[in-house]
Amino acid sequence: MARLFSSLFLGGIIFISYKKEYPCKKAAYKLSDMYTSVDMRLTNLYSLKTYPKYSNDFYYISKRVVCTVFHIVALFEFLAKLRKILVYAKESRIICFPFRIKTLTLQLKEMKSMEKLKNVKAIAFDADDTLWALQNYFEDVEHEYCELLAEYGKEKDISAALFETESKNMADLGYGCKAFTISLVENAVKVSHGKVEANVIAQIVDLGKSLLHLDAKPLEGVEKTLACFREMKKYKLAVFTKGELMDQENKLWRSGLQRYFDVVTIVSDKTPKAYHRLCRELDVTPDELVMVGNSFKSDIAPALKIGASAVHIPFHTTWAHEKTEEFEHPKLRRISRFEELLDIL
Ligand SMILES: [Mg+2]
């Protein structure tokens, strides 16, 4: 019975994930792998149940004790694996739980995190991985890149070298596809010690350029929510993104979302100074602005620093350069679905 329930439940998760635009098939494949492992655990549990239950014979009692220990270990293994699946499914935004088993403190914290933000006159939205998906495409390109350079090293080492090259180039090249493509080429020359062939370089450049033509399809709930805010006529709406001007403008145009925004600001980096400039452009004070985004480092921390509010919507994957330590703040709200913005604004 438990096995049937588990199969139906996990099968349901995988089915739902296929229905979604993102986090795409990759997440579903990972869930399938996890499910197979859970299924094996269940099979072990089932087989252990077939041992005799009662006997006074010493041999059977010993056997029963050993079986019980194995049974308990298998049960814990099963529960740990199941928990991993549920956490992964939640983080991937494949499913949203209608209930949560938490301590009272955490429940109160969550209630607090859904309190409405007050005094807001303008909402600024990050673009990449907030309005549309991007990081997963970069990761796919990086994976293909490592395969092209497989003869010069392991994927892990080439990726680590690429991270280092990107970090060094950041100050001069900034963020975006062009900067990424230059780093891909520079790193290919570096890891191959100058031996990489011209035709491989050409393939690497094509890989980088493929990122300039993504469809920038709005993530789930984005368009509906923006339409609601537009209809309210209560807030000024802005896109506040970093990256390359032409690339970001093109993505916004391809997304079809440009009609919802009063202001579009593209900057080389989201510093507190840039947030102050955005406030001036929107004609609001910092405490009348709320910044919505997936990156705690670029969207949340600097906005809170100038006295604005912030709403964090984590994406299922984060660029290594955007990882930072998170903290709590009275003006910070955390949500898992874009539509939940309507509950706090
Ligand atoms: Mg982002």
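The values are calculated or read from the model by the stated rules, or taken from the named source; none is laboratory data. Worth saying up front: this structure is predicted, and the values here are computed from it rather than measured. Here the Cβ positions follow ideal geometry from the backbone for every residue, glycine too, while neighbour counts run over all protein chains shown.
General remarks:
- Condition check for ASP299 on (1) under 17 Å from LYS121 (Cβ atoms); (2) within 12 Å of the ligand (Cβ to nearest atom): one failure, at (1).
- Candidates HIS321, HIS312, HIS316 - the one that is of a type outside the set (Phe, Trp, Tyr), within 15 Å of the ligand (Cβ to nearest atom), within 30 Å of SER159 (Cβ to Cβ) and without any contact (Cβ under 8 Å) to a residue 24 or more places away in the chain: HIS312
- Condition broken by ASN187, with the remaining ones in (1) farther than 30 Å from VAL239 by Cα; (2) of a type in the set (S, T, N, Q); (3) out of contact with any Phe, Trp or Tyr (no Cβ under 9 Å at 6 or more places or on another chain) satisfied: (3)
- Scanning the range 276-287 for residues that are more than 10 Å from ALA124 (Cα to Cα) and either of a type in the set (A, V, I, L, M) or in contact with a helix residue (DSSP H, G or I) (Cβ under 8 Å, 6 or more places away or on another chain) (or both) yields HIS276, VAL284, THR285, PRO286.
- Single match in LEU207, LEU212 (criterion: more than 16 Å from the ligand (Cβ to nearest atom), under 22 Å from LEU173 (Cα atoms) and modelled with pLDDT under 95): LEU212
- Output for the range 247-279, where each listed residue is of a type in the set (Gly, Ala, Ser) and surrounded by 15 or more Cβ atoms within 10 Å (Cβ to Cβ): SER255, ALA274
- Residue within the range 267-286 that is more than 16 Å from the ligand (Cβ to nearest atom) and of a type in the set (S, T, N, Q) present: yes
- Flag if LEU345 is surrounded by 19 or more Cβ atoms within 10 Å (Cβ to Cβ), at pLDDT below 95 and away from the ligand (no atom under 16 Å from the Cβ): yes
- Qualifying residue in the range 150-170 (condition: more than 16 Å from the ligand (Cβ to nearest atom), outside any helix (DSSP H, G or I) and over 30 Å from LEU278 (Cα atoms)): yes
- For the range 280-324, the set of residues classified as of a type in the set (A, V, I, L, M), closer than 22 Å to TYR137 by Cβ and surrounded by fewer than 22 Cβ atoms within 10 Å (Cβ to Cβ) consists of ALA320 only.
- Positions within the range 237-260 being within 13 Å of the ligand (Cβ to nearest atom) and closer than 16 Å to GLY293 by Cα, in sequence order: VAL239, PHE240, THR241, LYS242, GLY243, GLN248
- Of all residues in the range 299-336, those satisfying the criterion of being assigned to a helix (DSSP H, G or I) and modelled with pLDDT of 95 or more are ASP299, ILE300, ALA301, PRO302, ALA303, LEU304, LYS305.
- Single match in VAL263, VAL292 (criterion: within 15 Å of the ligand (Cβ to nearest atom) and under 18 Å from LEU226 (Cα atoms)): VAL292
- Only one of the numbered conditions (1) hydroxyl-bearing (Ser, Thr, Tyr); (2) closer than 30 Å to LEU278 by Cα; (3) more than 16 Å from the ligand (Cβ to nearest atom) is violated by TYR137, and that is (3).
- Residues located in the range 171-191, provided they are outside any helix (DSSP H, G or I) and in contact with an Asp or Glu (Cβ under 6 Å, 6 or more places away or on another chain): GLY176
- Flag for LYS209 being touching a Gly at 6+ places or on another chain (Cβ under 9 Å), closer than 21 Å to ASP247 by Cβ and of a type in the set (D, E, K, R): no
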